[in-house]
Every structure is written in C-alpha cells, then in structure tokens.
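**Q** Quick one: the structure is below, questions incoming.
The values are calculated or read from the model by the stated rules, or taken from the named source; none is laboratory data. The structure displayed is predicted, hence computed values, not measured ones. Because the Cβ atoms are built from the backbone with ideal geometry, glycine has one as well, and the counts that use them run over all protein chains shown.
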Amino acid sequence: MPKYMVQSMDSGTLGKVKYYRKQTIDHPHHKETGAFTQAAKDAYASSHNIDAKQVEVGKFMSGQPEPSNAVSV
C-alpha cells in the first residue's frame, strides 16, 4: 500500500488546508520532505494570493494512508 507525506498549511483567518504527496520510499530523505513542504507552502500562498512568508507550516507526517480531504501537490 502506498504511503503519503501529509502536512497542513494555514495563515490566520484564511483557513487551514491539508496537502499530501506520495512518498518515493518508506522513509523519505530530507531533500524529498523539504521539497514537499515547500511545494505545499507555495501552493497555499498561490491559492490564497499571499506571500509564502505569511504561511504557517503545520505538523509534517510521513507514512500516512492517502487522505480523502487533502490537496495533492
């Protein structure tokens, strides 16, 4: 069963959005997790028309099942 990286992004009053990406290996390397976090942060900023510096990065989790209520990046 595929495993996914999951992380939420927020910015105060704009609301929290959960993002996910399929992992390439069971224990993803820092380079892969960092790229995922940056992609999620950029996607949140773009979709809310704000600067990425205003995005609050939530808890990162790997090895998760595919979430049904999240945005793929």
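**Q** For Ile50, state whether it is outside any strand (DSSP E or B), β-branched (Val, Ile, Thr) and touching a Leu at 6+ places or on another chain (Cβ under 8 Å). Break it down into steps so the answer makes sense when it comes.
**A** Working: outside any strand (DSSP E or B): yes; β-branched (Val, Ile, Thr): yes; touching a Leu at 6+ places or on another chain (Cβ under 8 Å): yes.
Yes.
**Q** Exactly one condition in (1) touching a strand residue (DSSP E or B) at 6+ places or on another chain (Cβ under 9 Å); (2) part of a loop (DSSP other than H, G, I, E, B); (3) polar (S, T, N, Q) is false for Thr24; which is it?
**A** Thr24 satisfies all of (1) touching a strand residue (DSSP E or B) at 6+ places or on another chain (Cβ under 9 Å); (2) part of a loop (DSSP other than H, G, I, E, B); (3) polar (S, T, N, Q) except (1).
**Q** How many of the residues in region 1-21 are closer than 19 Å to Asp51 by Cβ, assigned to a strand (DSSP E or B) and charged (D, E, K, R)?
**A** Count: 1.
**Q** Could you check Val6 against (1) of a type in the set (Val, Ile, Thr); (2) touching a Lys or Arg at 6+ places or on another chain (Cβ under 8 Å); (3) surrounded by fewer than 16 Cβ atoms within 10 Å (Cβ to Cβ) and say which number it fails?
**A** (3)
**Q** What's the number of the only condition in (1) within 17 Å of Val71 (Cα to Cα); (2) at pLDDT 95 or above that Pro2 fails to meet?
**A** Just one mismatch for Pro2, condition (2).
**Q** If you don't mind, another one. Can you tell me how many residues in region 53-66 are in a loop (DSSP other than H, G, I, E, B) and surrounded by 14 or more Cβ atoms within 10 Å (Cβ to Cβ)? Outline the logic, then answer.
**A** So the first thing to find is which residues in region 53-66 are in a loop (DSSP other than H, G, I, E, B), and the list is 55, 65-66.
Still in the running and surrounded by 14 or more Cβ atoms within 10 Å (Cβ to Cβ): 55.
Residues meeting the conditions: 1.
**Q** Next question, about the same structure. Inside region 11-31, can you point out the residues that are of a type outside the set (Gly, Ala, Ser), over 16 Å from Pro67 (Cβ atoms) and either surrounded by 17 or more Cβ atoms within 10 Å (Cβ to Cβ) or touching a residue at least 24 places away in the same chain (Cβ under 8 Å) (or both)? So that I can check it myself, show each step before the final result.
**A** Within region 11-31, the first condition is being of a type outside the set (Gly, Ala, Ser), and the residues that meet it are 13-14, 16-31.
Adding the requirement that they be over 16 Å from Pro67 (Cβ atoms) leaves 13-14, 24-31.
The answer is Leu14, Asp26, His27, Pro28.
**Q** Counting just the residues of region 32-44 that are surrounded by fewer than 18 Cβ atoms within 10 Å (Cβ to Cβ) and of a type outside the set (Ser, Thr, Tyr), which one comes out nearest to Ser68 (Cα to Cα)?
**A** Initially, region 32-44 is screened for residues surrounded by fewer than 18 Cβ atoms within 10 Å (Cβ to Cβ), giving 32-35, 38-39, 42.
This time we only want the ones that are of a type outside the set (Ser, Thr, Tyr), so: 32, 34-35, 38-39, 42.
Details: Glu32: 22, Gly34: 23, Ala35: 22, Gln38: 21, Ala39: 19, Asp42: 21 Å.
Across region 32-44, the extreme among qualifying residues is Ala39.
**Q** Right, something else. Ile50: modelled with pLDDT under 95 and out of contact with any Gly (no Cβ under 9 Å at 6 or more places or on another chain), yes or no?
**A** Working: modelled with pLDDT under 95: no; out of contact with any Gly (no Cβ under 9 Å at 6 or more places or on another chain): yes.
Answer is no for this residue.
**Q** Within region 46-62, work out how many residues are touching a residue at least 24 places away in the same chain (Cβ under 8 Å) and either in contact with a strand residue (DSSP E or B) (Cβ under 6 Å, 6 or more places away or on another chain) or closer than 18 Å to Ala35 by Cβ (or both). If you could, list the steps in order and put the result at the bottom.
**A** Initial filter on region 46-62 (touching a residue at least 24 places away in the same chain (Cβ under 8 Å)): 47-48, 50, 54-62.
Within this subset, residues satisfying the condition of being either in contact with a strand residue (DSSP E or B) (Cβ under 6 Å, 6 or more places away or on another chain) or closer than 18 Å to Ala35 by Cβ (or both) are 55-62.
Residues that pass the stated criteria total 8.
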